[in-house]
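The values are calculated or read from the model by the stated rules, or taken from the named source; none is laboratory data. All values derive from a computational prediction rather than experimental measurement. Using ideal geometry, Cβ is built from the backbone for each residue, glycine included, and neighbour counts are taken over all protein chains shown.
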Amino acid sequence: MGTTGGIKVFSGNANRELTQEICANLSCDPGSATTDRFSDGEFNFQITENVRGADVFIVQPTCPPTDAHLMELLVMLDAFRRSSAERVTAVIPYFGYARSDKKDRPRVPIAAKLVANLINTAGADRILTMDLHAAQIQGFFDIPVDHLFAAPVFIGHYEKHALPDLTVVAPDTGGAERARAYAKRLTSADGSPATLALCDKRREKANVAEVMNVVGDVEGRSCLIVDDMCDTGGSLTKVAAALRKAGAERVHACFTHPVLSGHACELIGDSEIECIVTTNTIPLRDVACRLRKIEVLSIAPLLAKAIKSIHEETSVSSLFV
């Protein structure tokens, strides 16, 4: 079973701590490579161990600075392809440019498809990713894609720390399916089933959102907003304000990818949200680390299980939700 060579896990500069955790779960050491930069800023990469015939996994979320980390991934893929690795899997916990997944306005690119083409061309044989902003991005690749979800990690957390009178909230209509999946599996502190609500959000322009209306009864309830990512924090904090205005007793939130760009941390710190749970797909910015209301859960065990299954050619579907 699996490839003829051994498993080797390498890391770019995007999230070395996550790679270390994954390797600890796999009981292996991270692969050896040079990952510094030339004086002009170009990425200087060299594999410093033999990878001929190996099953290689490159852990590299394309988080901010997105272009730099994406270029690192492409250069690393090319290096492993030219070094005769038997198979190269790009482990991309956070897939940048995922919001540009369709041509919804005149004269705009579909950048997610462009990035998929670049990764294909650079030499990836397989993709392992988590909580894509749009599920159809899987179809942009001409190679196998294993799309994991952080839901098991979040659900395990909220089973241990159940909220009273729980209502799971989708921050927009597009997130209704995700919120419904959480609501089906979560219960309130007294064991009663969680209910579902959603916010009708109208986005006037990029990174600016306006919550129009809360659909569902949230009065006197503990609301848990679930989403795949938080960028500027505008949508999240406006949803929280709308829920409180509609009578919610308390507001919590969880999201997989803590992008938290711009003034997101300040907005969240001043918002109605009591507690935020996120994951380590992306390293937290220093200012976010100082926010006491943010708790980070590790997705390293989940990714390690998926890597092991891919290497051994066993089913990964048991990890899906």
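Which members of region 34-48 meet the condition of being without any contact (Cβ under 8 Å) to a residue 24 or more places away in the chain and touching a strand residue (DSSP E or B) at 6+ places or on another chain (Cβ under 8 Å)? Hits for region 34-48 are Thr34, Asp36, Arg37, Phe38, Asn44, Thr48.
Residues Ile310, Ile225: which one is assigned to a helix (DSSP H, G or I) and under 20 Å from the mean Cα position of the chain (by Cα)? None of the others qualify; the one that does is Ile310. Tell me, yes or no, whether region 258-280 has at least one residue that is surrounded by fewer than 16 Cβ atoms within 10 Å (Cβ to Cβ) and touching a residue at least 60 places away in the same chain (Cβ under 8 Å). Yes, region 258-280 contains at least one residue that is surrounded by fewer than 16 Cβ atoms within 10 Å (Cβ to Cβ) and touching a residue at least 60 places away in the same chain (Cβ under 8 Å).
None of Asn44, Asn50 is in contact with an Asp or Glu (Cβ under 7 Å, 6 or more places away or on another chain) and surrounded by fewer than 16 Cβ atoms within 10 Å (Cβ to Cβ) except Asn44.
Within region 260-281, the residues that satisfy the criterion of being of a type outside the set (Asp, Glu), in a loop (DSSP other than H, G, I, E, B) and at pLDDT below 95 are Leu260, Ser261, Gly262, His263, Ser271.
In region 25-41, what residues are assigned to a loop (DSSP other than H, G, I, E, B) and surrounded by fewer than 16 Cβ atoms within 10 Å (Cβ to Cβ)? Those that are assigned to a loop (DSSP other than H, G, I, E, B) and surrounded by fewer than 16 Cβ atoms within 10 Å (Cβ to Cβ): Ser27, Cys28, Asp29, Ser32, Phe38, Ser39, Asp40, Gly41.
Could you please give the count of residues in region 300-320 that are aromatic (Phe, Trp, Tyr) and at pLDDT 95 or above? First the steps, then the outcome.
Just the residues of region 300-320 that are aromatic (Phe, Trp, Tyr), to begin with: 320.
Next cut, at pLDDT 95 or above only: none.
Total satisfying the criteria: 0.
State yes or no: is Lys308 surrounded by fewer than 18 Cβ atoms within 10 Å (Cβ to Cβ) and in contact with a Cys (Cβ under 6 Å, 6 or more places away or on another chain)?
On the way: surrounded by fewer than 18 Cβ atoms within 10 Å (Cβ to Cβ): yes; in contact with a Cys (Cβ under 6 Å, 6 or more places away or on another chain): no.
Spelling it out, it is not the case that Lys308 is surrounded by fewer than 18 Cβ atoms within 10 Å (Cβ to Cβ) and in contact with a Cys (Cβ under 6 Å, 6 or more places away or on another chain).
Within this structure, Ala90 passes the test of being assigned to a strand (DSSP E or B), touching a strand residue (DSSP E or B) at 6+ places or on another chain (Cβ under 6 Å) and in contact (Cβ under 8 Å) with a residue 12 or more places away in the chain.
Could you please find all residues in region 56-77 being polar (S, T, N, Q), out of contact with any Pro (no Cβ under 9 Å at 6 or more places or on another chain) and crowded, with 24+ Cβ neighbours inside 10 Å?
Selection gives Thr62 alone.
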